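Report on the following structure.
The values are calculated or read from the model by the stated rules, or taken from the named source; none is laboratory data. In this text the structure is predicted, and so the values were computed from the model without any measurement. Positions of Cβ are generated from backbone atoms using ideal geometry, with glycine treated the same way; all protein chains shown enter the neighbour counts. What goes into the accessible areas is simple: the full protein's heavy atoms, side chains included, and nothing from ligands, DNA or RNA. Shrake-Rupley method; radii C 1.70, N 1.55, O 1.52, S 1.80 Å.
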Amino acid sequence: MEAVGPLLTSLYDYISDKLHFSHDASVVLKSDEVNAQNPLGKTAHYQPHSSTVTIFVDGRHLKDVLRSVAHELIHHHQNCNGDFDVPFDTSLGYAQSNPVLRRIEKQAYKLGNIFFRDWEDKMKKSLNENSEYNKKEIIKGNETTTTQKKETNDQWYQNSLYRNLIKKWIKK
């Protein structure tokens, strides 16, 4: 989860730039091993009164965590627009029984996912996804031979992400 900081900042800034939040949200990454053991446990929630996004992180892929952040940031945008000014019952089944909350959830799923996808594609494009190679130099006597071996998608993603985060976050 240590890679989440720069990515979370980038995703937050991307969505904030698109939606122009009237005030910032706090994002809390929460460890809850008991919740993680529940196949239908909580993944995230938004608290309108404090503008706090809480994301449960145990046992989840980083990309899934970030997707949850995007969804909850849409709820923050809805809160900034006054959609949560009236108290709602959010007990089990709220999204099926309350038409207003159904609309709010549909919007959060739709916009959260599309903004996440747009941000992810922008990140991948900036990392030159299709042109990364490992270079291996073999020295034999006085000759040096350079060979190129295509990285797997996972290797490329991790290596490119690391290289570009280093470039962005470490000032020389």
Please name all residue pairs, on different chains or six or more residues apart, with Cβ atoms under 7 Å, provided the first residue is in region 64-80 and is under 10 Å from Y46 (Cα atoms) and of a type in the set (V, I, T) and the second residue is outside any helix (DSSP H, G or I) and open to solvent by 10 Å² or more (accessible area, probe 1.4 Å). V69/V27
Among what's in region 1-26 and is within 16 Å of D64 (Cα to Cα) and open to solvent by 90 Å² or more (accessible area, probe 1.4 Å), pick the residue that is modelled with the highest pLDDT. E2
Selection from region 27-44 of residues within 21 Å of E105 (Cα to Cα) and open to solvent by less than 60 Å² (accessible area, probe 1.4 Å) yields V27, G41, A44
Looking at region 90-117, I want the residues that are open to solvent by less than 40 Å² (accessible area, probe 1.4 Å) and have a partner that is of a type in the set (K, R) with Cβ atoms under 7 Å, at least 6 apart or on another chain. Which pairs are those? A95/R102; F115/K18; F116/R67
Failed item, numbered, when F56 is tested on (1) within 15 Å of the chain's Cα centre (by Cα); (2) farther than 18 Å from L7 by Cα; (3) aromatic (F, W, Y): (2)
Looking at H71, is it surrounded by fewer than 16 Cβ atoms within 10 Å (Cβ to Cβ) and modelled with pLDDT of 95 or more? no
Do we have any residue at all in region 76-88 that's modelled with pLDDT of 95 or more, part of a helix (DSSP H, G or I), touching a helix residue (DSSP H, G or I) at 6+ places or on another chain (Cβ under 8 Å) and open to solvent by less than 20 Å² (accessible area, probe 1.4 Å)? yes
Listed by first then second residue, the pairs whose first member lies in region 35-62 and is part of a helix (DSSP H, G or I), whose partner is open to solvent by 60 Å² or more (accessible area, probe 1.4 Å) and hydrophobic (A, V, I, L, M, F, W, C), with beta carbons under 8 Å and at least 6 positions apart or on separate chains, are L62/M1
